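Colleague: I'd like to ask you about the structure that follows.
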Amino acid sequence: MRFFVWLLAIVSILWGGYWFVGANAVEKAAVSAIEDATKAGNSISYSNLNTAGFPNRFDTTIKDIDVFTLSGLRWKAAFFQIFALSYKPYHIIAVWPHEQLIEYQGISAQISTSDLRASLVVKPNSTLALNRFQLTGEDLKVVLNAGTTYRSRAISAASRRGILPFSHDFSGKMSDVSLPSIMDPTGTVSIETVVLDTNLEFDAALGRGEVPAKLTALTLNQFALSQGQVNITLSGALTFDSEGFATGSLTFSTPNWEDGFAMLDGLGAIPDEQSHMVTTVLKGLATTSGSATDIHAPITVNRGNIFLGFIPLGFIPPF
């Protein structure tokens with residue numbers, strides 16, 4: 001009996017030592033990462049950085065964090081938390097506060113949520129390559145420049161390694177979305193669900209590489225907007241050149257093109273100067289397909305420029 005008591009005491013001492021060494025290493029790694037980012041020209045300030053959670057967790061909290069990057073992006077939050085099990089430090093959970101601020105190129109976004117957290121699993125080696133990722137949020141509200149408001153009751157996103165090397169299957173969903181209407185500045189456009197299902201291919205692993213991984217291809221299995229009887233889907237494939245410009249083809253589908261067009265027009269997805277021509281083309285496509293309402297419209301993308309037939313619809317910035 002005495003042997004087991006001594007054994008338990010020794011194990012407890014060893015485990016306690018492991019935790020304190022590990023917690024100290026976690027804090028040093030966080031401080032070192034912040035210092036490296038600062039040396040690179042970014043500005044990062046905070047009032048306190050502390051790791052707790054003895055004996056089974058490493059819970060790191062950074063308070064009053066204010067980040068200003070070289071690209072001009074600013075992020076402010078009352079705190080940011082990173083949790084990890086002490087015996088599984090390669091699986092972390094990040095938690096954001098209810099309120100945070102993002103500013104970029106004159107645009108200020110005040111973001112509020114009742115809950116926003118993410119789970120991240122990386123390979124337990126020096127590369128820390130992404131294995132899988134999951135994010136969930138509730139009661140999202142984004143106010144731009146203290147005026148325009150975007151809302152969603154629930155949001156979720158997930159990523160996991162795909163079949164091909166350096167590929168990831170990515171999905172996302174937003175429910176009960178409310179967006180400002182471009183057609184009516186005082187009105188809103190409601191969307192029941194926004195769904196995204198895609199596969200992303202990169203030229204290297206997403207991790208701590210010397211050179212950031214670049215997106216090389218995107219297979220869009222589905223991007224869908226649904227509101228009542230209105231359903232809009234977009235699918236297809238794009239490739240990205242060395243400069244990050246997209247080229248490929250997509251298919252726009254809807255069982256009721258007039259209602260679908262009205263939704264996209266209200267969201268500002270159709271340029272005002274092209275609205276009449278797009279309506280004419282969609283009507284023609286519906287007629288030739290043998291249905292007055294159903295359409296499957298081909299959309300081409302050439303070095304980021306988006307076309308419906310000969311009609312320009314917009315531009316995808318380089319990645």
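Colleague: So what's the net charge close to Leu285: Lys and Arg +1, Asp and Glu -1, counting the other residues with Cβ under 15 Å from its Cβ? All intermediate terms of the calculation are to be shown ahead of the outcome.
Modeller: Details: positive: Lys283; negative: Glu258, Asp294.
Its environment carries a net charge of -1.
Colleague: OK, next. On the full set of protein chains, 1.4 Å probe, figure out the accessible area of Leu220 and give it in Å² to the nearest 10.
Modeller: Per-residue accessible area (Leu220): approximately 20 Å².
Colleague: Cα-based Rg of the stretch 104-206 per 2.2 N^0.38 Å, rounded to two decimals? Show your work: numbers first, answer last.
Modeller: Details: Rg = 16.9 Å, N = 103, 2.2 N^0.38 = 12.8 Å.
Ratio of Rg to 2.2 N^0.38 Å for the stretch 104-206: 1.32.
Colleague: Using the eigenvalues of the Cα gyration tensor, what equivalent ellipsoid semi-axes result for the chain when each is taken as the square root of five times the eigenvalue, whole Å, largest first?
Modeller: Working: eigenvalues 411, 99, 79 Å².
Output for the chain: semi-axes of 45, 22, 20 Å.
Colleague: Taking the Cα centre of the chain as origin and charging only Cβ (+1 Lys, Arg; -1 Asp, Glu), how large is the dipole, in debye to the nearest 20?
Modeller: On the way: 21 positive and 27 negative charges, 269 e Å.
The calculated dipole for the chain is roughly 1300 debye.
Colleague: With a length cut of 30 Å (Cα positions projected on each helix's long axis) and a Kyte-Doolittle mean of at least -1.0, go through the chain and give me the DSSP H helices that pass.
Modeller: Taking the DSSP H segments of the chain (at least 30 Å long, mean hydropathy at least -1.0), we get 2-39.
Colleague: While we're here: If you count only protein heavy atoms and use a 1.4 Å probe, how large is the accessible surface of Tyr104, to the nearest 10 Å²?
Modeller: Rounded to the nearest 10, the figure is 90 Å².
Colleague: Quick check: net charge around Leu200, other residues with Cβ under 15 Å of its Cβ, Lys/Arg +1 and Asp/Glu -1?
Modeller: The answer is 0.
Colleague: Which of Asn48, Asn131, Asn302 moves the most in a Gaussian network model of the chain with Cα springs under 10 Å?
Modeller: Per the Cα network of the chain with a 10 Å cutoff, Asn48 tops the list.
Colleague: Below 14 angstrom from the Cβ of Val177, what's the summed charge of the other residues (Lys, Arg +1; Asp, Glu -1)? Numbers along the way, then the final one.
Modeller: Details: positive: Lys141, Arg151, Arg153, Lys173; negative: Glu138, Asp139, Asp176, Glu192.
Combined, the nearby Lys, Arg, Asp and Glu give 0.
Colleague: Next question, about the same structure. Could you order Leu120, Leu101 so the one with the most accessible surface comes first? Probe is 1.4 Å. Walk me through the numbers before you get to the answer.
Modeller: Working: Leu120 55, Leu101 35 Å².
From most exposed to least exposed: Leu120, Leu101.
Colleague: Which residue, Pro212, Pro180, Pro89, has the most motion in a Gaussian network model of the chain that connects Cα atoms within less than 10 Å?
Modeller: Answer for the Gaussian network model of the chain: Pro212.
The values are calculated or read from the model by the stated rules, or taken from the named source; none is laboratory data. All figures in this text were calculated on a predicted structure; none of them were measured in a lab. So basically every Cβ, Gly included, is an ideal-geometry build from the backbone, and we count neighbours across all protein chains shown. Heads up: the accessible areas ignore ligands, DNA and RNA and are worked out on the full protein's heavy atoms, side chains in. Shrake-Rupley method; radii C 1.70, N 1.55, O 1.52, S 1.80 Å.
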